[in-house]
Amino acid sequence: MSSSKYHVTLTNYARGLAQDITASLAHFLAPDVIVPAATGQYKSFDDKNDFQVVDTSRAVGGPAKRLEFAASDPTYNCLPQALEIAIDDHERDEAGQGDPLRLEEAKTQTLVSSAVTSHEAKVFAMLAAQPVAATLDVTGGDPIATIDAQIESLATDTARLPNRLVIGLPLWTKLRHHEAVLKRFPGAQSVGVTMAQFASLLLNPAIDIRIGILSKDTAKLGKAKDAKNIVGEQMVIFHASQSPTLYDPSFMKTFRTRRGGVDVVRMYRDDSARSDILAVDWSEDIKITSPVCARKLAVG
């Protein structure tokens with residue numbers, strides 16, 4: 001087995017590809033914050049008291065209020081991550097010698113896609129620990145009233161109107177055909193409501209809605225596939241900054257050392273496997289930085 005070599009072309013390709021697919025649900029929930037070092041401090045907004053208004057008045061000749069990290073502020077730690085994939089000599093023979101880079105790019109794309117899926121699963125694993133703020137009745141009642149109550153509660157606690165909403169596909173299927181939703185749009189009984197129509201019913205009609213469609217196989221290795229939607233029958237109402245930093249109260253963040261989520265693509269030879277090995281390396285730390293800026297609702 002030979003030592004690995006930094007592959008400039010594939011690294012640039014992987015970074016561009018990663019940025020193209022950052023519209024994933026995980027990035028929507030926990031957007032990237034590029035940090036100057038692998039470890040450091042960030043501002044956490046754990047309760048309503050963290051949202052108090054700062055008195056910015058300054059006496060003539062006196063000092064200004066300074067925003068700074070306190071000793072008690074939590075830390076992030078961007079731990080190393082890596083994935084590998086083999087390019088068997090037989091695959092190269094079948095592909096031919098005309099365009100070897102195309103095969104390497106295809107393998108790199110598989111690595112980056114797997115990394116994005118893994119990141120998404122991690123984000124939703126953390127989200128699972130969030131308490132359920134309210135239950136939704138998908139067989140009766142008025143789910144819009146329940147959702148609006150949580151939007152108002154969040155805005156009152158934080159003085160920030162929640163601007164994002166994630167709905168699991170199984171829940172969205174039921175909500176768009178819910179009787180209390182359909183009756184607000186005459187003629188929609190046969191087709192259901194659109195996402196834009198649903199948003200127009202909410203307290204913040206400009207809220208950005210995304211549907212969680214990613215599934216994972218919950219069956220053990222060797223068993224028949226048992227795919228489950230990751231978000232499931234739940235939704236998350238939350239606030240997120242368009243340009244998150246170490247200081248803003250976005251609900252979740254992914255701290256990274258490099259934009260695009262790829263540090264380097266390496267290649268090395270594994271003679272025992274008759275293969276060239278491509279390896280993608282990156283680092284990340286996913287944090288719930290402002291739990292009070294989110295409300296999770298689930299089917300009761």
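Looking at S290, S243, S283, S275, can you tell me which residue is under 30 Å from V8 (Cβ atoms), touching a helix residue (DSSP H, G or I) at 6+ places or on another chain (Cβ under 9 Å) and not hydrophobic (A, V, I, L, M, F, W, C)? The conditions single out S275. If you go through the stretch 180-194 and keep only what is farther than 18 Å from L297 by Cα and assigned to a helix (DSSP H, G or I), you end up with just L182. Of the residues making up the stretch 133-185, those that are within 15 Å of V292 (Cα to Cα), among the charged types (D, E, K, R) and buried (at least 16 other Cβ atoms within 10 Å of the Cβ) are R160, R164.
Check the stretch 190-211 and report whether any residue there is among the small types (G, A, S), modelled with pLDDT under 90 and surrounded by fewer than 11 Cβ atoms within 10 Å (Cβ to Cβ). Looking through the stretch 190-211, at least one residue is among the small types (G, A, S), modelled with pLDDT under 90 and surrounded by fewer than 11 Cβ atoms within 10 Å (Cβ to Cβ). Yes or no: the stretch 200-208 includes at least one residue that is in contact with a Leu (Cβ under 9 Å, 6 or more places away or on another chain) and part of a helix (DSSP H, G or I). The answer is no; no qualifying residue exists. What number of residues within the stretch 113-127 are within 18 Å of D285 (Cβ to Cβ) and either assigned to a loop (DSSP other than H, G, I, E, B) or small (G, A, S) (or both)? Here the count works out to 4.
Counting only strands (runs of 3 or more DSSP E) wholly contained in the stretch 1-112, the ones carrying 2 or more residues that are surrounded by 15 or more Cβ atoms within 10 Å (Cβ to Cβ) and modelled with pLDDT of 80 or more occupy 32-34, 39-41, 79-88. Looking at the structure I just gave you, is G260 on the phi > 0 side of the Ramachandran plot and not basic (K, R)? Against the criterion (on the phi > 0 side of the Ramachandran plot and not basic (K, R)), G260 qualifies. Q130 meets the conditions (1) touching a Pro at 6+ places or on another chain (Cβ under 9 Å); (2) in a loop (DSSP other than H, G, I, E, B); (3) farther than 24 Å from H239 by Cα in every case but one. The failed one is (3).
Can you go through F238, F255 and tell me which one is under 30 Å from T135 (Cα atoms), surrounded by 21 or more Cβ atoms within 10 Å (Cβ to Cβ) and in contact with a Lys or Arg (Cβ under 9 Å, 6 or more places away or on another chain)? Only one candidate qualifies: F238. Applying the condition of being small (G, A, S) and either in contact with a Gly (Cβ under 6 Å, 6 or more places away or on another chain) or not in a helix (DSSP H, G or I) (or both) to the stretch 152-179 and asking which residue is farthest from V138 (Cα to Cα) yields A159.
Looking for something of a type outside the set (A, V, I, L, M, F, W, C), in contact with a Lys or Arg (Cβ under 9 Å, 6 or more places away or on another chain) and more than 13 Å from A145 (Cα to Cα) - is there at least one such residue anywhere in the stretch 174-189? Checked the stretch 174-189: at least one residue is of a type outside the set (A, V, I, L, M, F, W, C), in contact with a Lys or Arg (Cβ under 9 Å, 6 or more places away or on another chain) and more than 13 Å from A145 (Cα to Cα).
The values are calculated or read from the model by the stated rules, or taken from the named source; none is laboratory data. Remember, predicted model here, so these are calculated numbers, not experimental data. Because the Cβ atoms are built from the backbone with ideal geometry, glycine has one as well, and the counts that use them run over all protein chains shown.
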